[in-house]
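I have placed the structure first, in the form of structure tokens, so that the comments after it can refer back to it.
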Amino acid sequence: MTHALPPGLTDCLLWSEELGMGFHPRQPMDYSGEYFAKYQKLDATPMGEALTRARIELVRRHFDGQVLDIGIGGGRFVEEADAFGFDVNPEALAWLHANGRYKNPNFGWPAMTFWDSLEHIPEPEVVLKGIGEWAFVSMPIYKDAKDCLASKHYKPAEHLWYWSLEGFIAWMDRQGFEVMEINHAESELGREGITSFAFRRHG
């Protein structure tokens, strides 16, 4: 990712005010190990229950079929939403296969969910191409580069992509999606700076 960048710009936030988005070119982290177990514990908390409920409610306001959850966290949403899932964590993949919930997004799916995951994906536009109609997203949103750098969500190697509200909506539009709903339910539940979206593929 960094071979084409000038010296000095290979390990810092690259932010475009024009586009309202940023990228950090540090090598993505390794998601093996305790990552899945950590999120299973978080899923089992009252906050995990409330977040799962809010996410299911967002989806059901727009789509009543089975979704494909990209980056399943601890798996609670997959279970309670009767969804399929995909992940890069080996333990999460094993759990999906063991429960008959694995689907490969490369083969496409009518609706996909990205709960705190889209910003982790090196080439998110590639995954979005496989969506037939609906994309549901929750992620940190920033005012500008300064806000991003000061945020608890600025996590190079884990979070690769960073967007302002206008920047993300415009970026999704370039991927072929129109925003149908924006809410701050997850922030209202106690998370910091998280916005949730429902997007529908154009025409």
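The numbers here are math on the coordinates, done by the rules we state, and not lab data. Because the structure is predicted, anything quoted here is derived from the model rather than measured. Glycine also receives a Cβ, built like all others from the backbone with ideal geometry; neighbour counts cover every protein chain displayed.
Some points to look at:
- The angle between the Cα long axis of helix 46-60 and the main principal axis of the chain comes to about 90°, on a 0 to 90 degree scale.
- For region 112-175: rounded, prolate or oblate by the Cα gyration tensor [a/c cutoff 1.5]: prolate
- Compactness index (Cα Rg / 2.2 N^0.38 Å), region 50-155: 1.10
- Residue exposure sequence - Thr195, Thr10, Thr113 - by fewest surrounding Cβ within 10 Å: Thr10, Thr195, Thr113
- For a straight C-alpha distance cut-off of 19 angstrom, no lysines are reachable from Lys41 once same-chain residues fewer than eight places away are disregarded.
- Between the Cα long axis of helix 165-174 and the first principal axis of the chain there is an angle of about 80°, rounded to the nearest 10.
- Size descriptors for the chain (Cα atoms only): Rg and Dmax, in that order, 16.4, 49 Å.
- Mean separation of Cα contacts under 8 Å (6+ apart) over length of region 30-201, as relative contact order %: 19 percent
- The spacing between region 13-76 and region 104-183, judged by their C-alpha centroids, is 10 Å.
- Long pairs among Lys103/Lys129; Lys103/Lys155; Lys38/Lys103, criterion Cα-Cα beyond 20 Å: Lys103/Lys155; Lys38/Lys103
- If you plug the beta carbon distance of Ile182 and Phe107 into 1/(1 + (r/R0)^6) with R0 = 41 Å, you get a FRET efficiency near 0.90.
- Highest mobility in the GNM of the chain, judged by mean-square fluctuation with C-alpha springs under 10 Å and restricted to His120, His184, His24, is found for His184.
- Fluctuation leader among Ala81, Ala135, Ala37 - the chain, Gaussian network, Cα springs under 10 angstrom: Ala37
- Dimensions in Å of region 1-100 - Rg and Dmax from alpha carbons: 17.5, 49
- Calculated over region 32-81, the projected area of the Cα convex hull averaged across directions stands at 3.4 nm².
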